[in-house]
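Report on the following structure.
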Amino acid sequence: MPGPVERLVVVLGDQLDADAAVLRTANPERDAVLMAEVDDEATHVPSHRQRTTLFLSAMRHFADTLVRRKWRVRYVSLDDSDNSHTLVGEIQRAAQALAPKAIALTLPGEHRVQRAVATWSRRVRGPVELVPDGHFLTDLEAFAEWRRERRRPVMEHFYRAQRKRLGILLDHGGGPQGGSWNFDASNRQAFASPPRPPQPPHFAPDRVTRDVIEAVVRRFPDAPGRLDSFGWPVTRQAALQALSAFVDQRLASFGPFQDAMWTGQRLLYHSALSPALNLKLLHPREVVNAALAALDKGAPLPSVEGFVRQVIGWREFIRGVYWTEGPEYGARNALEHEGRLPSFYWTGETDMRCMAESVRQVLDTGYGHHIQRLMVTGNFALLAGVHPKTVADWYLGMFVDGVDWVTLPNALGMVMHADGGVVGTKPYAASGKYIDRMSNYCKGCRYDPAKRTGDDACPFTTFYWDFLSRNQRRFAGNPRMSLMLRHVERTSRGERSAIATHARTLRRTLGIAAT
Ligand code: SF4
């Protein structure tokens, strides 16, 4: 018979690190672990079936790992008849059943969950210990201090400071290896012919994952997305395999083609390691070390630097912004956009080829790489004037790597510019010509990326010029927008009026504006 429980260690679905501090300081002989699958997490925004499956399958595999390490695990499954289906409800039930003297958990990575835990922990009698999340490379206090010292946070400045602080990609004098902090100029290539990237490993669902898939289909019949292609790594071992495959086979070409897109190509040279990183199956330090080791073996510096920047720069910067901005960040709407998300974001049914390709891929796999997210699905929502929180919720639920701390600042700040310039110094707005330059999507599309008005005008292009026109005054003081705004000034009044009329019609036809 197991003895009394000293501490109850709560492990959440995105905290699957067996070496986390909260577990390192616990004792398997005296303490117990609680893990709970609750409806709340799969329904607070519409969640892609692959996303829910990934989280739950990874949780079940992780619980098995803990049991093998002799932990006493209380695991609550989706189908358990007495599951309360809220995290707080399950902590309360476990506390009643096991009567621990204390409860401990890693600080949740989301304001919503942190609020729920804080409210509940004020009501319990024993101590509740919140352990800092050691999964990241930057201490939140240190980020807050870095930010306090600056008028505005700029990712590039943060990234350079990270390189220096962590001693990554520096020359002997402490300057950037290769003489430059980034190699963006050589990293913006498009494909001249169909690319043939090596295929990443596909992790066929094992018995555990198949059980989860059945439960997800049964329990969330109306959830979006398809499940038949599911092949994400759900264990640390599989995640390490995915890391090796990326570093050995795709990293070298990642740099030059990181902004490129091609019909039918889901990953190209991207790592797709974000799901494993966000679940904590991988640590960012080991991912960066693997890339640096590849550099030593001859991988090109621009590719390695571009990848390292994503991990030690963007990812850490975005998290810092999430926590320093606070819970009100999600309500920001600097551009005052109120439009609805068009229905094709849920079906992929649209005659815009770039959008159909990008959305169908998300529905099929729960994934799209950063340029599809930023410059196709995101760019369209920005230009068309969709409400930013609607867009952020879509990204949170529809992508397998969707977790609030990373999705919210990326979607609301970077994509929608709804934070007024905290994450990005200018909106990432581009016309159809950008998509034409970086992909083959426009070939065979019924629209013409160069046209702003008329039946065959590319909706991206119409909305782009309308967006600039509508926001001309707002962006007048932004030097990074001056070139774009000069083009608007050169457009005749008649043409601007025709663009505005066409944009209004499009908004109504696509269901973005009320009719
Ligand atoms: Fe997309 Fe416009 Fe190109 Fe069509 S023409 S694929 S809508 S960018």
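The values are calculated or read from the model by the stated rules, or taken from the named source; none is laboratory data. Note that the structure is predicted; figures quoted are calculated from it, not measured. Positions of Cβ are backbone-derived with ideal geometry, glycine not excepted, and every protein chain shown enters the neighbour counts. Heads up: the accessible areas ignore ligands, DNA and RNA and are worked out on the full protein's heavy atoms, side chains in. Shrake-Rupley method; radii C 1.70, N 1.55, O 1.52, S 1.80 Å.
Evaluate region 1-154: find the radius of gyration of its Cα atoms, find its Kirkwood radius, and give the ratio Rg to Rh. Write down the numbers at each step before the final one.
Numbers: Rg = 16.6 Å, Rh = 16.7 Å.
Rounded to two decimals, Rg over Rh is 0.99.
Report the extension gain between Gln199 and Leu140 in nm, rounded to one decimal, defined as 0.36 nm multiplied by the number of residues separating them, less their alpha carbon distance. Walk me through the intermediate numbers first.
On the way: separation 59, 0.36 × 59 = 21.24 nm, distance 3.67 nm.
Extra length available between Gln199 and Leu140 comes to 17.6 nm.
When the expected Rg is taken as 2.2 N^0.38 Å, what fraction or multiple of it is the alpha-carbon Rg of the chain?
Values: Rg = 23.7 Å, N = 515, 2.2 N^0.38 = 23.6 Å.
That works out to 1.00 for the chain.
Magnitude of the charge dipole for the chain, about its Cα centre and with charges confined to Cβ atoms of Lys, Arg (+1) and Asp, Glu (-1), is about 1120 debye. Binning the alpha carbon pair distances of region 352-414 at 10 angstrom intervals from zero yields the distribution 23, 61, 16, 0, expressed in whole percent.
Using the 1.4 Å probe convention, the accessible area of the chain works out to 43 Å² per residue with neighbouring protein chains retained. So what is the relative contact order for the chain, in percent, with contacts set as C-alpha pairs under 8 Å and at least six apart? Once divided by the residue count of the chain, the mean separation gives 16 percent.
In the chain, a dipole from Cβ-located charges (positive for Lys and Arg, negative for Asp and Glu) runs towards its positive end, and of Thr350, Ile499, Tyr447 it is Ile499 whose Cα lies farthest in that direction.
For Ser186 and Gln249, what does the FRET efficiency come to when R0 = 22 Å and r is the distance between their Cβ atoms, rounded to the nearest 0.05? The partial results should precede the final answer.
Numbers: r = 21 Å, r/R0 = 0.95.
Calculated value: 0.60.
Reducing region 461-509 and region 227-286 to their Cα centroids gives an inter-centroid distance of 38 Å.
Label point of Thr324 set 7 angstrom out along Cα-Cβ; within region 147-173, amide nitrogens under 14 Å from it belong to 147-162.
Each pair of Cα atoms in region 74-155 enters the Kirkwood radius, and Stokes-Einstein at 4 °C and 1.567 mPa s then converts it into a translational diffusion coefficient of 84 µm²/s. Given points 7 Å out from each Cα along the Cα-Cβ axis, report the Lys70 to Gln237 separation in nanometres with one decimal. In this crude spin-label approximation the distance works out to 2.1 nm. Atom-type composition of the exposed protein surface of the chain places 50 percent of the accessible area on carbon and sulfur (1.4 angstrom probe).
So, counting K/R as plus one and D/E as minus one, what does the shell of residues with Cβ under 12 Å around Gln114 add up to? Before the final figure, lay out the partial values.
Details: positive: Arg112, Arg115; negative: Glu110, Asp133, Asp404.
Neighbourhood net charge equals -1.
Amide H to amide H distances under 5 Å link Ala104 with Leu8, Val9, Val10, Glu129, where only residues 5 or more positions off or on other chains count and H is placed in the peptide plane.
What is the calculated FRET efficiency for Ala18 to Ala102, with r their C-beta to C-beta distance and R₀ = 22 Å, to the nearest 0.05?
Efficiency computed from Cβ-Cβ geometry: 0.60.
Rounded to the nearest 500 deg cm²/dmol, what is the calculated helix-only ellipticity per residue at 222 nm for the chain, with -39500 (n - 2.57) per DSSP H run of length n ≥ 4?
On the way: 23 runs with 221 residues, N = 515.
It lands at -12500 deg cm²/dmol.
Normalised by the residues of region 445-515, what does the relative contact order come to in percent, with Cα pairs under 8 Å and at least six apart?
For region 445-515, the relative contact order is 28 percent.
Cα centroids of region 158-203 and region 292-358: how far apart, whole angstrom? About 17 Å separates the Cα centre of region 158-203 from the one of region 292-358.
When the C-alpha to C-alpha distance is required to be over 25 Å, the pairs from Lys70/Lys101; Lys389/Lys433; Lys389/Lys426 that qualify are Lys389/Lys433. Taken along its three principal axes, the alpha carbon spread of region 307-402 comes to 40, 33, 19 Å, from the longest extent down to the shortest. What is the local net charge at Gln361, summed over the other residues whose Cβ is closer than 12 Å to its Cβ (Lys, Arg +1; Asp, Glu -1)? Summing Lys and Arg as +1 and Asp and Glu as -1 gives +2. Modelled spin-label separation between Arg165 and Asn333, with each label point placed 7 Å from Cα along the Cα-to-Cβ direction: 3.5 nm.
Packing-wise, with mean Cβ within 10 Å as the measure, how do 461-468, 144-151 rank, highest first?
Working: 461-468: 25.2, 144-151: 11.4.
The most tightly packed comes first, giving 461-468, 144-151.
Segment Ser482..Asp228, full-extension length gain: 86.7 nm, with 0.36 nm per residue of separation and the alpha-carbon distance subtracted.
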